[in-house]
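Written below as structure tokens is the structure these notes are about.
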Amino acid sequence: MSRIWTAFIFGIIVTLAMNALDMLYHVVTDTAVHLNYVAVKFTIIFATVFLIALVIGRGKTPGIVTSVLGPVAFYFYYSVASPTLDRSMFTIDEAVWYVVVHVIALAIAYLLAQSFVVKQKGGRLPFAILVSLAALPLYWGWLMALVKLGGGLDEDTTKVMTMGAAFLSLAILFVLIYGATWFCKKGHFPGFAAGLVFGIISVITGATVLDAFVRIFVIGIPYVLAHQLKGAA
């Protein structure tokens with residue numbers, strides 16, 4: 001793989017996993033998660049991870065720099081940018097100490113991707129954890145997008161996932177992905193097989209065919225990208 005493509009998929013996977021950890025923290029602490037917020041955070045964190053991986057490389061020192069610089073950049077942007085949600089009605093992570101939360105979340109995601117998946121340590125478990133975390137914000141974001149497409153307001157997107165639903169979704173994603181790595185061991189097929197099962201489950205529970213179809217890629221895309229990172233130089 002080219003250096004640019006490797007940095008790109010590394011940035012995507014790390015940023016998705018970081019967002020998953022942050023979004024879980026939000027539902028635990030009852031702070032709002034909405035589509036515009038997730039989009040802004042993803043863009044800034046991804047740009048940081050991608051550019052540092054491309055220009056400096058990946059490793060311990062770049063990981064530390066990335067884990068600090070990304071959240072700090074996001075904090076400064078979000079502090080001066082136009083509000084993405086009515087801050088008189090909703091609690092969001094504007095306090096300085098949230099930078100620490102974001103640093104920890106990004107450091108965990110970076111460590112999981114670089115030290116375990118890229119270096120192929122720990123076998124299936126860290127791979128399944130990383131892909132599950134990367135898939136969660138895609139699924140969560142899709143649910144929020146459905147609300148927006150249905151004419152809902154930003155405020156309505158904050159209600160698509162409760163704490164229980166978020167952790168249950170993550171558990172289901174992990175079981176499907178980890179199981180797929182055992183039963184289908186080669187290539188990219190396991191990710192889409194797990195996504196197909198996820199889609200079937202959604203139809204059984206009342207989702208539309210379109211919703212089920214999207215869920216195939218919710219798992220399949222991060223699985224393929226993470227699989228390509230294995231052993232990446």
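Listing for the model above:
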item: Close pairs from the stretch 136-159: first of a type in the set (Lys, Arg), partner outside any helix (DSSP H, G or I) and modelled with pLDDT under 90, Cβ under 6 Å, at least 6 apart; result: none
item: Evaluation of Tyr25 against (1) modelled with pLDDT of 95 or more; (2) within 23 Å of Tyr139 (Cβ to Cβ); (3) surrounded by fewer than 19 Cβ atoms within 10 Å (Cβ to Cβ) (one fails), failing number; result: (1)
item: In the stretch 189-211, residue surrounded by the most Cβ atoms within 10 Å (Cβ to Cβ) [restricted to those that are farther than 21 Å from Ala20 by Cα and touching a residue at least 12 places away in the same chain (Cβ under 8 Å)]; result: Pro190
item: Index of the failed condition, Leu130 passing every other in (1) closer than 25 Å to Ala105 by Cα; (2) in contact (Cβ under 8 Å) with a residue 60 or more places away in the chain; (3) more than 15 Å from the chain's Cα centre (by Cα); result: (3)
item: The stretch 155-171 - residue that is crowded, with 17+ Cβ neighbours inside 10 Å and either closer than 22 Å to Pro222 by Cβ or in contact with a helix residue (DSSP H, G or I) (Cβ under 6 Å, 6 or more places away or on another chain) (or both) and, of those, modelled with the lowest pLDDT; result: Thr157
item: In the stretch 85-120, residue modelled with the highest pLDDT [restricted to those that are among the hydroxyl-bearing types (Ser, Thr, Tyr) and surrounded by 19 or more Cβ atoms within 10 Å (Cβ to Cβ)]; result: Tyr110
item: Output for the stretch 26-52, where each listed residue is closer than 14 Å to Leu106 by Cα and over 13 Å from the mean Cα position of the chain (by Cα); result: Ile44, Ala47, Thr48, Val49, Phe50, Ile52
item: Subset of the stretch 8-40 [without any contact (Cβ under 8 Å) to a residue 60 or more places away in the chain and in contact with a Phe, Trp or Tyr (Cβ under 9 Å, 6 or more places away or on another chain)]; result: Phe8, Gly11, Tyr37, Val40
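The values are calculated or read from the model by the stated rules, or taken from the named source; none is laboratory data. In this text, all values refer to a predicted model and were calculated from it rather than measured experimentally. We place every Cβ from the backbone using ideal geometry, glycine too, and count neighbours over all the protein chains shown.
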